[in-house]
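To start, the structure itself, in structure tokens.
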Amino acid sequence: MKELVEFIARSLVDNPDDVQVTEVEDEGSVIIELRVAPDDMGKVIGKQGKIAKSIRTLTKAAAAKEGKRVGVEIMR
């Protein structure tokens, strides 16, 4: 999952070197924290949060294949 989110985020932003993705295990689920440069925050979130929602949907679909629960948080 981490690699998927990192690939998507790096493809969207102007500063791909500033993308940081960490995985946190939490009671049977995985939380993926995504950090990008402040200038790129809008590109990752998108208009009305549509890109962020798409990233979350893709990771949930990939996690469902593995029988896991996953959440994506975009951090400042």
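Nothing in this text is a laboratory measurement; each read-out follows from the coordinates by a stated rule. On a predicted model such as this, the values are computed, not experimentally measured, just so you know. Here the Cβ is made from the backbone with ideal geometry for all residues, glycine too, and neighbour counts use every protein chain on show.
What is the magnitude of the charge dipole of the range 34-76 about its Cα centre, with +1 placed on the Cβ of each Lys and Arg, -1 on the Cβ of each Asp and Glu, and no other charges, expressed in debye to the nearest 20? Intermediate values should be presented prior to the final figure.
Working: 11 positive and 4 negative charges, 41 e Å.
That gives the range 34-76 a dipole magnitude of about 200 debye.
Please compute the contact order of the chain in relative form: average sequence separation of alpha-carbon pairs under 8 Å and at least six residues apart, divided by the residue count, as a percent.
In percent, rounded to a whole number, it is 33.
Round to the nearest 0.05 the FRET efficiency obtained for S54 and N15 when R0 = 25 Å and r is the Cβ-Cβ distance.
Efficiency at R0 = 25 Å is approximately 0.75.
Taking the Cα centre as origin and putting +1 on Lys and Arg beta-carbons and -1 on Asp and Glu beta-carbons, what dipole magnitude results for the range 1-60, to the nearest 20 debye?
500 debye
So how tilted is helix 50-66 from the main axis of the chain? Cα-based, degrees 0 to 90, rounded to 10.
Result, in degrees: 30.
Restricting to the chain, compute how many DSSP beta bridges are antiparallel as a %, nearest 5. Please report the intermediate quantities before stating the final value.
Details: 7 of 14 bridges.
Antiparallel bridges make up about 50 percent of those DSSP assigns within the chain.
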